[in-house]
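To start, the structure under review is shown below, and the notes come after it.
The values are calculated or read from the model by the stated rules, or taken from the named source; none is laboratory data. Model, not experiment: these values are computed from the prediction. Here the Cβ positions follow ideal geometry from the backbone for every residue, glycine too, while neighbour counts run over all protein chains shown.
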């Protein structure tokens, strides 16, 4: 798995519509609408299972590779106007997934979502957009953060983030991210997005984007 994040190597991930598969005439608008509705349901946590559970291994390995203390995938719930974590690598995983929600009105994660611009911040507390809400709930203090917009089904659906916490009692700690860390997580986010599009498209083509198997 490590080879995914070294140099320019990337796995052979299929695009949204696999080569040789063509939807019927007039199918495009219906298909895009179906992709959007299913992606929104996934973001709200209304799917019983993920289209590609193995994709989380990709994110988990990327977070481990850059030496982050915690990594998370946040997806937007348009109805509740918040970002909710659906994946985490941290030691506080149970609390994080069940209790943590980031309002779209505050925080660096929300800023990245709205601007669709990634950040690599070495002093999170110095940013005026920083909100201590999540840190207070987790009993931690974020020092550095990488946050990358995640796109699938035609638009930005969430954020892939990794953080380093302040750990005053540890002698040797990683206190900032490097460019190579940012590049690694950016590739992982892009590959995860391609996997989601590919899997959703495959399901849609199989069932004709109407819920009925063709």
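Filter the stretch 115-131 down to residues that are without any contact (Cβ under 8 Å) to a residue 60 or more places away in the chain and within 21 Å of the chain's Cα centre (by Cα), then give me how many there are.
So the count comes out to 10.
Identify the single condition in (1) outside any strand (DSSP E or B); (2) surrounded by fewer than 21 Cβ atoms within 10 Å (Cβ to Cβ) that residue 113 does not satisfy, given that it satisfies every other one.
Unmet condition: (2).
I'm trying to understand the selection: among the residues of the stretch 72-109, which are more than 23 Å from residue 121 (Cα to Cα), exposed (fewer than 15 other Cβ atoms within 10 Å of the Cβ), in contact with a helix residue (DSSP H, G or I) (Cβ under 9 Å, 6 or more places away or on another chain) and modelled with pLDDT of 90 or more?
78, 79
Is it true that residue 62 is out of contact with any helix residue (DSSP H, G or I) (no Cβ under 7 Å at 6 or more places or on another chain) and either within 18 Å of residue 184 (Cα to Cα) or surrounded by fewer than 17 Cβ atoms within 10 Å (Cβ to Cβ) (or both)?
When the stated conditions are applied, residue 62 does not pass them.
Any idea which of 155, 178, 187 is closer than 18 Å to residue 60 by Cβ and surrounded by fewer than 21 Cβ atoms within 10 Å (Cβ to Cβ)?
187
Here is a list: 131, 176, 161. Which entry is in contact with a helix residue (DSSP H, G or I) (Cβ under 9 Å, 6 or more places away or on another chain) and part of a loop (DSSP other than H, G, I, E, B)?
131
Residues to consider are 97, 73, 83; find the one that is touching a strand residue (DSSP E or B) at 6+ places or on another chain (Cβ under 7 Å), over 17 Å from residue 188 (Cβ atoms) and in a strand (DSSP E or B). Please lay out each step first, then the result.
Details: 97 fails: in a strand (DSSP E or B); 73 fails: over 17 Å from residue 188 (Cβ atoms).
Only one candidate qualifies: 83.
Within the stretch 116-141, can you find the residues that are over 29 Å from residue 46 (Cβ atoms), at pLDDT below 90 and surrounded by 17 or more Cβ atoms within 10 Å (Cβ to Cβ)?
140
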